[in-house]
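Undergrad: Pasting a structure here, questions to come.
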Amino acid sequence: MKPLIEKLLLEDATIHKVKYDKEWFYNLDDIAFYLKEDLSEVDFIHLPMLIFDEEEIVKCSTFEEIQRGRKEAK
């Protein structure tokens, strides 16, 4: 399993992210592609996100939820 470090996710321009109420939410599809893993067990919410200059509603999750979902999927 590829290690996941939040600081690297924040710096990675290929991962779309948005900050709500002091917490970062990451596009779950981008994270799945980055990790090359199935993240179907990760809890998510739908949030609006600007992707290629267009606002889209996408599945998003916090770093903690992604970590929890990865552990439960083992």
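Undergrad: Between the helical axis of 63-72 and the dominant principal axis of the chain, each derived from Cα atoms, what acute angle in degrees is found, rounded to the nearest 10?
TA: 30 degrees
Undergrad: How far apart, in nanometres, would the label points at Tyr20 and Glu72 be if each is projected 7 angstrom from Cα along the Cα-to-Cβ direction?
TA: 1.8 nm
Undergrad: Counting pairs of alpha carbon atoms under 8 Å apart in space and at least six apart in sequence, what relative contact order in percent does the chain give?
TA: Numbers: 92 pairs, mean separation 21.2, N = 74.
In percent, rounded to a whole number, it is 29.
Undergrad: Looking at (1) 44; (2) 64; (3) 53, which value of percent of Cα pairs over 16 Å apart comes from a calculation on the structure shown?
TA: (1)
Undergrad: Explain nothing, just the number: dipole magnitude of the chain about its Cα centre with +1 on each Lys and Arg Cβ and -1 on each Asp and Glu Cβ, in debye rounded to the nearest 20.
TA: On the way: 11 positive and 18 negative charges, 84 e Å.
Once rounded to the nearest 20, the dipole reads 400 debye.
Undergrad: A follow-up question, please. Using a 1.4 Å probe over the heavy atoms of the protein chains, calculate the carbon and sulfur portion of the accessible area of the chain as a whole percent.
TA: That fraction is 52 percent.
The values are calculated or read from the model by the stated rules, or taken from the named source; none is laboratory data. Since the model is a prediction, treat every value here as computed from it, not as a measurement. Every residue, glycine as well, gets a Cβ built from its backbone with ideal geometry; the counts of neighbours run over all protein chains shown. To get the accessible areas, we keep the full protein, side chains included, count just its heavy atoms, and leave off ligands, DNA and RNA. Shrake-Rupley method; radii C 1.70, N 1.55, O 1.52, S 1.80 Å.
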